[in-house]
Amino acid sequence: MKALILAAGKGTRVMPLTQHCPKPMLRILDTPVLELLIAQLRQHGVTQIMINTAHHAEVIEQHFGDGRRFGVEIAYSFEGHTEDGQLVGEPIGSAGALRRIQAHSGFFDDTFLVVCGDAIVDLDITALVAAHHQQGALATLALQTVPADMVSHYGVVVLDDDGRVTQFQEKPAPCDALSNLVNTGIYVFEPAVLTHIPADLPCDLGTHVFPLLAQRGEALYGVSLPMTWLDIGRREDYHRVCQQALRGEVPGMTIPGRKVAPGVYVGLNVRINLRRCHVTGPVVIAGSATVEDGATLIGPTYIGPGAVVERGAWVERSVVQAHARVGSHANLVDV
């Protein structure tokens, strides 16, 4: 089966983390979110993957290459131009990405998946595709129920009694929301959906194509299946997912490193004297990091590769990025 992973956005809501890195390449315990997503797709027989890129496209392409070491085939659709030897991203929207790839090669020749690259997903994709075929759908959206006070962060979807999509609300206020079913950015499409994408304009699936399909009475369905869906769309979301990973609550992730004390894991070449620091797990200290005597680490906390935590620093429920330095007597809590 084929899939498109959407990875062209700038990730403005998680700046400055995405200043030099596309959002799908943000790391959870030093594993890029996009790598976790590709592993999930491979488990369900998705072996041919297109990734659309724009913002820091080279970071994605250099990491994944042609996909062979990840057990899949990968190619890229860069959206932008080259200026003075540098790639300059110019995203054309999620629907525009589909249109460009299809115009280039006719890649989408059977039922296919489209997945947003900025979430960790544990979903029975095989069951989702089966539901899509059973309904005779042109397009199927995987939906998730969220608490009522969270609907303002997502696109809300309204279904009729048969599961057909009748209405969309983009990030409504909780008092205005007609549903607490939200769009997860996981879709199953038939190639015919491409005929509904306007030509030669930046175009988004959620903003332009799905409302158009609903208005025309096309076979657009929503399916809510048991799933884990961990979105990293905002900085607070990214922090929360890192905390969950440190607690062992993220499907498909294992705590990296060697266990040296209850709840404390260290990578290679880490310098720390546990007798001279105060460390309360869960804490992961990645390779070549330094934790000086007198520092305090209280979990869930992650110290990135090559990072330095100086004497007297206090780090609690925080994520310290690779090669960062936490100064002496600094106090980081929920950072």
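The values are calculated or read from the model by the stated rules, or taken from the named source; none is laboratory data. Note that the structure is a prediction, hence the values are computed from the model and not measured. All Cβ positions, glycine included, derive from the backbone under ideal geometry; neighbour counts span all protein chains shown. For accessibility, only protein heavy atoms count, side chains too; no ligands or nucleic acids. Shrake-Rupley method; radii C 1.70, N 1.55, O 1.52, S 1.80 Å.
In this structure the amide hydrogen of Gly80, modeled in the peptide plane, comes within under 5 Å of the amide hydrogens of Glu90, none closer than 5 places in sequence on its chain.
In cubic angstrom, how much convex hull volume per residue do the alpha carbon atoms of segment 201-294 span?
Values: hull volume 16.1 nm³, N = 94.
It comes to 171 Å³ per residue, whole-number rounded.
The angle between the Cα long axis of helix 235-246 and the main principal axis of the chain comes to about 60°, on a 0 to 90 degree scale.
Packing here is the average count of other Cβ atoms within 10 Å per residue, and on that basis the peptides 165-171, 45-51, highest first, run 45-51, 165-171. According to the square roots a ≥ b ≥ c of the eigenvalues of the Cα gyration tensor, what is the shape class of segment 2-83, taking rounded for a/c under 1.5, prolate for a/b larger than b/c otherwise, and oblate for the remainder? Oblate is the answer for segment 2-83, as a/c is 1.5 or above yet b/c matches or exceeds a/b. Among 64-72, 130-138, sorting by the average number of other beta carbon atoms lying within 10 angstrom of each residue, highest first, gives 130-138, 64-72. Sorted from greatest to least, the principal axis extents spanned by the alpha carbons of segment 46-186 come out as 51, 33, 28 Å.
Working note: Karplus 6.51/-1.76/1.60 with θ = phi - 60° gives segment 215-221 the couplings 5, 7, x, 6, 6, 10, 10 Hz, where Gly and Pro are set to x. Here is how the number arises for the chain: DSSP H runs of 4 or more residues each give -39500 (n - 2.57), the sum is divided by the residue count, and the result at 222 nm is -5000 deg cm²/dmol. Note on segment 197-251 and segment 33-60: Cα centroid distance 15 Å, given to the nearest whole angstrom.
Please report the net charge: other residues with Cβ closer than 12 Å to the Cβ of Pro256, K and R +1, D and E -1.
Details: positive: Arg27, Arg258, Lys259; negative: Asp30.
Once all neighbours under 12 Å are counted, the net charge is +2.
Return an integer: the convex hull volume of the alpha-carbon atoms of segment 146-254, in Å³ per residue.
148
So how strong a dipole does segment 41-103 carry about its Cα centre when Lys and Arg Cβ are +1 and Asp and Glu Cβ are -1, to the nearest 20 debye? List each step's numbers first, then the result.
On the way: 5 positive and 8 negative charges, 86 e Å.
The calculated dipole for segment 41-103 is roughly 420 debye.
Ile272 exposes around 50 Å² of accessible area when a 1.4 Å probe is run over every protein chain in place. Phi-derived couplings, Karplus 6.51 cos²θ - 1.76 cosθ + 1.60 at θ = phi - 60°, listed residue by residue for segment 24-37: x, 9, 4, 9, 10, 6, 6, 10, x, 4, 4, 5, 5, 5 Hz, with x used for Gly and Pro.
Relative to the current alpha-carbon distance between Lys259 and His63, full extension at 0.36 nm per residue lengthens the span by 67.8 nm.
Charge tally for Gln144 (other residues, Cβ to Cβ under 12 Å; Lys, Arg +1; Asp, Glu -1): -2. The distance between label points at Arg317 and Thr111 comes to 4.4 nm (points 7 Å beyond Cα on the Cα→Cβ vector). Over all other residues within a Cβ to Cβ distance under 11 Å of Pro300, the charged ones net out to 0, with Lys and Arg as +1 and Asp and Glu as -1. For Ile51, the residues 5 or more places off, or on other chains, whose built amide H falls under 5 Å of its own are Ile5, Ala75, Tyr76, Ser77. Here the convex hull built on the C-alpha positions of segment 17-61 has a volume of 68 cubic angstrom per residue.
Most tightly packed first, judged by the mean number of other beta-carbon atoms within 10 Å of their residues, the peptides 146-158, 185-197 read 185-197, 146-158.
Just to confirm, what accessible area per residue do you get for the chain at 1.4 Å probe, in whole Å²? Mind dumping the intermediate values first?
Details: 15110 Å² over 335 residues.
Solvent-accessible surface per residue comes out at 45 Å².
Counting only protein heavy atoms, what percent of the accessible surface of the chain is carbon or sulfur at a 1.4 Å probe? The partial results should precede the final answer.
On the way: 7420 of 15110 Å².
The computed percentage sits at 49.
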